[in-house]
Structures are given as structure tokens and as C-alpha cells.
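Here the structure is laid out as C-alpha cells; the discussion comes afterwards.
The values are calculated or read from the model by the stated rules, or taken from the named source; none is laboratory data. Here the structure is a predicted model, which means the values were calculated and not measured. Backbone-built Cβ (ideal geometry, glycine too); neighbour counts: all protein chains shown.
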Amino acid sequence: MNRIVFLDIDGVLQPFTNLKRFDCNLQAVKKEVAKKLNDNSYLDDDGYNIAAVYLDWHQEAISNLKKLLDESKAKIVITSNWRYLGFDYLKRLFKIHGLDKYLLEMTMDYQQFDEKIVAKYKEIEKYGIFIRNRVLEINEYLNSHEVSKFVIIDDIDLSNFFPDHFVRTFVDQKDDFYFSQSNYFEALKILKIIS
């Protein structure tokens with residue numbers, strides 16, 4: 001059974017108000033991560049993304065995502081713009097929190113699709129190009145892969161397009177988005193793990 005979690009990152013794992021990466025010693029963070037993972041290759045990085053993942057990703061969101069993936073036996077397909085960093089680099093970043101083993105692949109960027117495929121989604125442009133692209137990329141992934149069950153976790157509302165497969169991340173008292181415990185239960189329900 002091929003279960004998939006289509007995962008955005010900003011507003012899901014990384015709340016918009018978590019900004020410690022901008023006020024830290026990047027060299028010290030890189031050293032700490034390299035030591036923790038026993039991998040000196042992290043020292044060669046500029047450190048910005050490492051600090052974002054290490055310092056700014058929401059701990060509850062990480063924990064909830066791990067529980068969801070372990071209980072559902074699902075794998076992650078990245079839909080986030082973080083895709084542009086490349087799959088191997090993302091895998092290294094996800095390793096910081098032990099999430100690398102769940103990464104399967106990334107959706108293709110809309111620019112890689114034939115014009116005829118993109119044209120099928122023209123009507124959705126009224127919701128904005130960004131939403132059109134995300135919907136196109138997920139739908140085309142589903143059309144070209146065997147997926148038994150899936151859930152989409154995003155801070156952008158895609159419920160009009162995936163009403164039975166979408167979880168919009170929680171907004172807390174600080175008007176911040178992250179993958180909360182209630183989101184976790186909602187995602188489990190969608191993957192038919194609980195009723």
C-alpha cells in the first residue's frame with residue numbers, strides 16, 4: 001500500500017514567526033549539527049538552511065509529523081518551494097530531525113510540464129498562479145504514480161481542490177501556522193488509520 005503525505009514546509013514545519021536563524025552564530029549551529037549527526041559535511045554549508053531547520057522548525061510539528069508517518073507507514077513527497085534546493089540537500093536537512101528516512105521524492109515543478117497539461121488547469125488561475133501550480137503538481141504526481149491513500153498538508157487552502165485529502169495547518173494565538181496535534185488527528189483520519 002503506497003501512502004503519501006504531500007508536504008509543504010513553510011507554515012507547516014516552519015512557522016513564519018520562528019526567526020532564530022537570523023540572530024544566531026551560523027558557524028556554531030553548523031558545528032553543533034555536525035557533531036550531533038557525526039557528519040562534518042554540514043560544516044561546508046553556508047549554514048542558513050541548517051539554522052532554519054535546526055532552530056526554527058516547530059518541535060510539536062516535527063513530532064506530529066513523525067507520529068503520522070510511523071503510524072500510517074506513509075512517505076513524504078515534498079510540494080514546498082524548498083524543492084528548489086534539490087532532493088539530496090533536502091534529505092540532509094531532514095536528517096537533522098530524523099525525517100530523512102521518510103522522504104520519497106518531490107513533485108515536479110509546473111514549468112517541467114507540457115503546455116497542454118498546464119492548459120488543463122487554466123480555470124484554476126482565478127485562485128492565483130501559486131495555487132494553480134500546487135494543484136497541477138500534486139494532480140500530475142497522482143496521475144503518474146500508484147498512490148493508495150494520500151493527504152496534503154499545507155498552510156495554503158487547497159480544500160476546494162482536494163476536499164477529502166487536505167489538512168490546513170493550525171493557526172495559533174500568534175497567528176502562526178504549524179502542523180498541530182489536531183492536524184495530526186485529521187491527517188490520520190484522511191489516511192484511514194483512525195475513524
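Numbers for the structure displayed
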| item | result |
| --- | --- |
| In segment 71-110, residue surrounded by the most Cβ atoms within 10 Å (Cβ to Cβ) [restricted to those that are part of a loop (DSSP other than H, G, I, E, B) and of a type in the set (A, V, I, L, M)] | Ala74 |
| Those residues of segment 115-172 which are crowded, with 19+ Cβ neighbours inside 10 Å, assigned to a loop (DSSP other than H, G, I, E, B) and among the hydroxyl-bearing types (Ser, Thr, Tyr), in sequence order | Tyr121, Thr169 |
| Segment 1-35: number of residues that are within 30 Å of Ser144 (Cβ to Cβ), modelled with pLDDT of 95 or more and out of contact with any helix residue (DSSP H, G or I) (no Cβ under 7 Å at 6 or more places or on another chain) | 3 |
| Hits in segment 81-129 - residues which are under 20 Å from the mean Cα position of the chain (by Cα) and charged (D, E, K, R) | Arg83, Asp88, Lys91, Arg92, Lys95, Asp100, Lys101, Glu105, Asp109 |
| Flag for Lys35 being assigned to a helix (DSSP H, G or I), surrounded by fewer than 21 Cβ atoms within 10 Å (Cβ to Cβ) and in the same structural domain as Leu142 (by TED's automatic domain parsing) | no |
| Thr79 vs. criteria of a type in the set (Val, Ile, Thr) and within 30 Å of Glu32 (Cα to Cα) | yes |
| Residue check, Ser159 more than 13 Å from the chain's Cα centre (by Cα) and touching a residue at least 60 places away in the same chain (Cβ under 8 Å) | no |
| Residue in segment 181-190 that is at pLDDT below 90 and charged (D, E, K, R) present | no |
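Condition check ((1) of a type in the set (Val, Ile, Thr); (2) surrounded by 21 or more Cβ atoms within 10 Å (Cβ to Cβ); (3) not in a helix (DSSP H, G or I)) across all residues:
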{"site": "Asn18", "(1), (2), (3)": "no, no, yes"}
{"site": "Gln27", "(1), (2), (3)": "no, no, no"}
{"site": "Ser41", "(1), (2), (3)": "no, no, no"}
{"site": "Val53", "(1), (2), (3)": "yes, yes, no"}
